[in-house]
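These notes concern the structure reproduced below.
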Amino acid sequence: MYDEIVVNDRGFQYDVFTPAELSEIKSGGGSITAYASRFAAKEAALKSLPADAVPPGSYWRDIEIRCSAPGKSHAILSRRVLDLLSIPDDYKITISFSHTSSAVLACAALEY
C-alpha cells in the first residue's frame, strides 16, 4: 500500500522532492526503492545539521540530493536554511546510501 502512495501520489512527491530529484528518480525507473533511498538521504542530511539548530518550518524540499556520479552523492540546502543556520556557502554535505529489496540505509556528513 505504501508503495502505491509514494509512486502514484503526485502531491506527496511534490511535497517531498524537488523537480530535479523527481527527474532523476523517474529517469531511473521510478521504483519505490529509488524514492525510499532519496528520502532516507534527505533525512540523513537533515540530521547532519546542528541538533539544536534545525529551523522551524523546515520542509523536505529545502534539501536536495544530487548524484553527480555512481557512489558520489551530496545534499544542497536551500538559501533559506543556510541563512537561518548561518552556514557558510562553502559547506559540504556528503551522502552515502544503499539499499536491498527490503531496507534502505543512508548517512550524511556535514563539513564547513
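Observations
- Matching residues in segment 97-110 - criterion: being more than 15 Å from Leu46 (Cβ to Cβ) and surrounded by 11 or more Cβ atoms within 10 Å (Cβ to Cβ): Ser98, His99, Val104, Leu105
- Scanning segment 74-96 for residues that are in contact with a Phe, Trp or Tyr (Cβ under 7 Å, 6 or more places away or on another chain) and surrounded by 12 or more Cβ atoms within 10 Å (Cβ to Cβ) yields Ile87, Tyr91.
- Checked against (1) under 11 Å from the mean Cα position of the chain (by Cα); (2) within 21 Å of Gly11 (Cα to Cα), Ile25 meets all criteria but (1).
- Residue check, Glu64 touching a residue at least 40 places away in the same chain (Cβ under 8 Å) and assigned to a helix (DSSP H, G or I): no
- Top-ranked residue of segment 77-97 - restricted to ones that are out of contact with any helix residue (DSSP H, G or I) (no Cβ under 9 Å at 6 or more places or on another chain) and not in a helix (DSSP H, G or I), ranked as modelled with the lowest pLDDT: Ser86
- Residue in segment 52-62 that is over 18 Å from Phe12 (Cβ atoms), in contact with a strand residue (DSSP E or B) (Cβ under 7 Å, 6 or more places away or on another chain), surrounded by fewer than 16 Cβ atoms within 10 Å (Cβ to Cβ) and not small (Gly, Ala, Ser) present: no
- Segment 4-43, residues that are modelled with pLDDT under 80, over 19 Å from Ala106 (Cα atoms) and surrounded by 11 or more Cβ atoms within 10 Å (Cβ to Cβ): Ile5, Val7, Asp9
The values are calculated or read from the model by the stated rules, or taken from the named source; none is laboratory data. Not measured: the values here are computed from a predicted model. Note that we place each Cβ from the backbone using ideal geometry, even for glycine, and neighbour counts take in every protein chain shown.
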